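Heads up, the thing below is written out as structure tokens.
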């Protein structure tokens, strides 16, 4: 009898084990009834495997916060047979009260069974107590702003003594079609509300929506532990506190704003300009630095439009540098800036005027168009005018009129008979001028011969040696002499031909010009420009660079290096 009993018991055990093994996927809750602030653990078990996988838990997010997921893989021997399984332990916190369903979760090809959980609500007294222990204050500067203007979001977490925070505050909100900047650093302090002292954590953000319409600032939440006294018993409850979603209306560019002006909303815009060196007078050919600073309160620097320096081409050469754009977000608002720098070279003497610069912007406080300007500036320039040789080929109207007048005078004079003495005097003057021309021509030829004692090869070697010694000034001087000998033209014309024939050389020389006449370049950038220039000269020396005729006036910098 005993033997049959044990045999039957073994059979039943094997049957149960086989039934359990046949259930490849199972799920169970750690509790069937919980309070709304409590958590529950969902355990999903997969038999006959040690292979873990990532579960899709998105179906749980409708009614639960998924706080954590822990995966355990195990194996054992039972009745001489190896058994393995994987447990997924998922900690859940309900988002609401009532009867909640744990939806089926597919693991591999097998779905888990659907489960139910009953969540009991807290009493009104307990809820009020918790709300007074830890809570958020969420504040936006306005619920209606203009497109690309500034919205300030302020988060404050207040917590009383005994509250334990389980997580840090989230960072900047992620909002599509908007630029978000953090203002300052997260501030920790203490404050009072309704006569109670609280710890305070504050965060501030500047938000710039890029399209009009309606957008939302998403809410956030954190977990904390609070100490409660219920029915004389002290207990700790895990709570989740958060902020509400903030809906914001974004207005388009107003109709009263000029259609041809770049849109710039701000609380204030300042324009400041400086000319250096700052002295009463300057010379023709001096390089002056003009700096224009656009300072924007309540917006980022990239919103500032470029403001060209409109100068008379016959009075100035203008060489712009790359703008410097910055944002200062250390205070309670963003302060953006755009610094524009131009090197200007006066070409004419006299009292020259730099016209005022203006910028149009929208005052978001008063909701009206405003204009900020810089005053006009007078420059006292002395010296001799720089004349473009090409201008002499095309005389202006006044020159034509003078020529007609001279012709008329000549025609009138031709009607008066010349005396013999006057003819002899004129012949003597012409002969003297011819003699002087021949003497100057001879002296010029002698001067040119004395200056060309160095061969092209010597100039080329001196050019490379100067680059190796990092002597930029000598390198450019030797390059001009080398080109003059190769092209058999004066240095400035030879340099212009070289730049016109090789775009890479022109770009490298432009960079080097900036180093000499605008602002010093970093050493590595200047070295790279000279390396490119060496390659271009090498191609010219090897006969790989074309040499077209250049009729245009060479750049001012090229003549000045």
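Please treat every number below as a calculation from the coordinates, not as lab data. All figures in this text were calculated on a predicted structure; none of them were measured in a lab. We place every Cβ from the backbone using ideal geometry, glycine too, and count neighbours over all the protein chains shown.
By how many nm would the segment from residue 139 to residue 268 lengthen if fully extended, with 0.36 nm per residue of separation less the alpha-carbon distance?
Length difference between fully extended and current span is 44.1 nm.
Would you please classify the overall shape of region 273-318 from the alpha carbon gyration tensor, given that a ≥ b ≥ c denote the square roots of the eigenvalues, rounded means a/c under 1.5, and beyond that prolate means a/b larger than b/c while oblate covers the rest? Before the final figure, lay out the partial values.
Details: a/c = 4.25, a/b = 1.96, b/c = 2.17.
Oblate, since a/c reaches 1.5 and b/c is not below a/b.
Give me 143, 471 sorted ascending by neighbouring Cβ count inside 10 Å, so fewest comes first. Show your work: numbers first, answer last.
Working: 143 10, 471 13.
The most exposed by this proxy come first: 143, 471.
Calculated FRET efficiency, residue 48 and residue 164, Cβ-Cβ r, R0 41 Å, to nearest 0.05?
Numbers: r = 42 Å, r/R0 = 1.02.
Given R0 = 41 Å and the Cβ-Cβ separation, E is 0.45.
Please give, to one decimal in nm, the separation of the simple spin-label points placed at residue 515 and residue 32, each 7 Å out from Cα toward the Cβ.
Distance between label points: 8.4 nm.
Extension gain residue 468-residue 310, at 0.36 nm per residue separation less the Cα-Cα distance, in nm?
Numbers: separation 158, 0.36 × 158 = 56.88 nm, distance 4.05 nm.
52.8 nm is the gain from fully extending residue 468 to residue 310.
How would 50, 539 line up from fewest to most surrounding beta-carbon atoms within 10 angstrom? If you can, show how the numbers build up before the last one.
Values: 50 11, 539 15.
Ascending number of Cβ neighbours within 10 Å: 50, 539.
What is the packing order of peptides 113-124, 326-337, taking the mean over residues of other C-beta atoms within 10 Å and listing the highest first? All intermediate terms of the calculation are to be shown ahead of the outcome.
Values: 113-124: 13.9, 326-337: 15.9.
Answer by packing, highest mean first, reads 326-337, 113-124.
Using the Cα gyration tensor of region 22-121, with a ≥ b ≥ c the square roots of its eigenvalues, what is the shape: rounded (a/c below 1.5), prolate (a/b larger than b/c) or oblate (neither)?
Values: a/c = 2.36, a/b = 2.08, b/c = 1.13.
Cα axes put region 22-121 in the prolate bin.
Using 0.36 nm per residue of separation minus the Cα-Cα distance, give me the extension gain between residue 236 and residue 358 in nm, one decimal.
On the way: separation 122, 0.36 × 122 = 43.92 nm, distance 6.37 nm.
Full extension from residue 236 to residue 358 adds 37.6 nm.
Could you work out how far apart the two model spin labels at residue 59 and residue 229 are, taking each label as a point 7 Å from the Cα in the direction of the beta carbon, and quote it in nm?
Going by the 7 Å Cα→Cβ label model, 4.6 nm.
With a/c under 1.5 counting as rounded, go ahead and sort region 111-210 into rounded, prolate or oblate using the C-alpha gyration tensor (a ≥ b ≥ c being the square roots of the eigenvalues; past the cut-off, prolate if a/b is larger than b/c, else oblate). Don't skip to the end; give the middle numbers.
Numbers: a/c = 2.28, a/b = 1.30, b/c = 1.75.
Here region 111-210 falls in the oblate category.
Given a Förster distance of 30 angstrom, what is the FRET efficiency for residue 527 paired with residue 488, based on the Cβ-Cβ distance and rounded to 0.05? Can you show the working numbers first?
Details: r = 31 Å, r/R0 = 1.04.
After rounding, the FRET efficiency stands at 0.45.
Sort 201, 537 so that the residue with the fewest other Cβ atoms within 10 Å of its own Cβ comes first and the one with the most comes last.
Values: 201 18, 537 22.
Fewest-to-most ranking of 201, 537: 201, 537.
Quote the FRET efficiency, to the nearest 0.05, computed for residue 318 versus residue 186 with a Förster distance R0 of 51 Å and r equal to the Cβ-Cβ distance.
Numbers: r = 46 Å, r/R0 = 0.90.
Here the calculated transfer efficiency is 0.65.
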